[in-house]
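The values are calculated or read from the model by the stated rules, or taken from the named source; none is laboratory data. Computed from a predicted model, the values in this text were never measured in an experiment. Every residue, glycine among them, receives a Cβ derived from its backbone with ideal geometry; neighbour counts consider all protein chains shown.
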Amino acid sequence: MRLSVADYAPPLIYGIYREKALSPGKVEADAAILEAVLAGLRGMGCEVATLAAEDLPALPPPAHGFVHLAQGPAALTRLLAWEAHGARLINPPQAVRRCWRRFLPEILAATGVPYPRTRFYTLEEAESLFSRSFPGPGWLKRAEVHAEGPGDVVRVNSPAAALLVLADFRRRGIEALVWQEHLPGREVKFYGVGPGRFFWAATPKDPEPLPPEMAAPLAELAARAAAAVGLSVFGGDLILLPQGRPVLIDLNDWPSFSRCREAAAREIVHYVCDAFHLGS
């Protein structure tokens with residue numbers, strides 16, 4: 001039986017916290033953006049409640065909708081089952097899964113979004129191949145969830161360095177990875193709510209956002225990538241190559257928005273109200 005969402009007065013919205021293991025050093029920041037959004041929804045007349053991604057029930061509780069930061073396989077599988085029972089979720093769990101590095105390169109290639117050369121390997125494949133045919137200096141990154149710690153994304157410049165990283169992956173039970181080429185250039189971190197509602201971008205050490213004329217082409221590129229995977233609340237990283245061309249290097253579902261939390265939370269609240277037809 002599919003979930004029937006009643007006409008709540010006021011509507012009830014659940015927020016789902018990210019798994020603590022998937023918020024390395026950012027548990028408070030990830031919680032803060034979710035709580036800012038829930039506070040904004042409360043201010044719009046909604047009732048709000050919270051759940052932990054590690055403790056989701058088998059069936060969704062009755063609610064008008066759910067906003068979530070879950071990223072891990074177990075939680076996403078549970079949320080996909082919730083969708084089958086009629087639950088409305090932001091972001092869709094399948095979109096979150098498409099951000100995993102094992103899936104993202106192929107999706108972006110089909111849309112023409114520029115992305116570094118990236119190859120997927122099982123751990124066994126990489127251990128066998130890298131001593132004989134190292135793909136070159138670049139980055140080794142776990143293939144599924146983005147990070148549980150600093151050792152999940154490591155720059156390597158030689159086969160010997162790569163094999164040390166692979167040994168650490170094996171020790172920690174990481175069974176799949178990607179190699180991604182290193183691109184020289186200027187790193188830019190971005191945050192977005194879309195389509196077309198909010199975009200904020202800056203270099204890591206600059207407290208001020210990029211000026212609009214610089215941000216506009218980056219916003220267009222980020223929006224194309226987010227649309228390709230189905231995200232409406234997103235963030236990520238770009239590299240501006242020496243000639244100025246932007247290249248996406250990472251796309252994340254619902255980041256912490258730590259550098260623009262207040263403004264982003266307001267836009268997310270309005271997006272949620274529109275998406276869930278609150279007040280209509």
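If only one of Arg155, Arg97 is within 18 Å of the chain's Cα centre (by Cα) and outside any loop (DSSP other than H, G, I, E, B), which one is it?
After ruling out the rest, the residue left standing is Arg97.
For segment 240-263, give me each residue that is closer than 30 Å to Pro184 by Cβ, out of contact with any Leu (no Cβ under 7 Å at 6 or more places or on another chain) and in contact (Cβ under 8 Å) with a residue 60 or more places away in the chain.
If the condition is that a residue be closer than 30 Å to Pro184 by Cβ, out of contact with any Leu (no Cβ under 7 Å at 6 or more places or on another chain) and in contact (Cβ under 8 Å) with a residue 60 or more places away in the chain, then Arg245, Asp250, Asn252, Pro255, Ser256, Phe257, Ser258, Arg259, Cys260 are the ones that fit.
Just wondering, is there one or more residues in segment 208-218 that are closer than 22 Å to Ala95 by Cβ and surrounded by 17 or more Cβ atoms within 10 Å (Cβ to Cβ)?
Scanning segment 208-218 turns up at least one residue that is closer than 22 Å to Ala95 by Cβ and surrounded by 17 or more Cβ atoms within 10 Å (Cβ to Cβ).
Of all residues in segment 20-61, which are part of a loop (DSSP other than H, G, I, E, B), modelled with pLDDT of 95 or more and either acidic (Asp, Glu) or touching a strand residue (DSSP E or B) at 6+ places or on another chain (Cβ under 9 Å) (or both)?
The answer is Cys46, Leu56, Pro57, Pro60, Pro61.
Give Arg172, Arg132, Arg155 a once-over and let me know the one that is surrounded by fewer than 19 Cβ atoms within 10 Å (Cβ to Cβ), more than 26 Å from Arg224 (Cβ to Cβ), among the charged types (D, E, K, R) and modelled with pLDDT of 95 or more.
Unique residue meeting the criteria: Arg155.
Determine which member of the set Arg197, Arg155, Arg170 is within 23 Å of Pro255 (Cα to Cα), among the charged types (D, E, K, R) and either in the same structural domain as Pro73 (by TED's automatic domain parsing) or in contact (Cβ under 8 Å) with a residue 40 or more places away in the chain (or both).
Arg197
Which ones in segment 203-236 are modelled with pLDDT under 95 and basic (Lys, Arg)?
Scanning segment 203-236 gives a single hit, Lys205.
Looking at Ala110, is it in a helix (DSSP H, G or I), farther than 24 Å from Gly25 by Cβ and over 17 Å from the mean Cα position of the chain (by Cα)?
Yes.
What pairs come out if I take residues in segment 178-190 that are closer than 11 Å to Ile249 by Cβ and pair them with residues that are of a type in the set (Ser, Thr, Tyr) and part of a strand (DSSP E or B) whose C-beta lies under 8 Å away, six or more apart or interchain?
Partner pairs satisfying both residue conditions: Gln180/Thr118; Glu181/Thr118.
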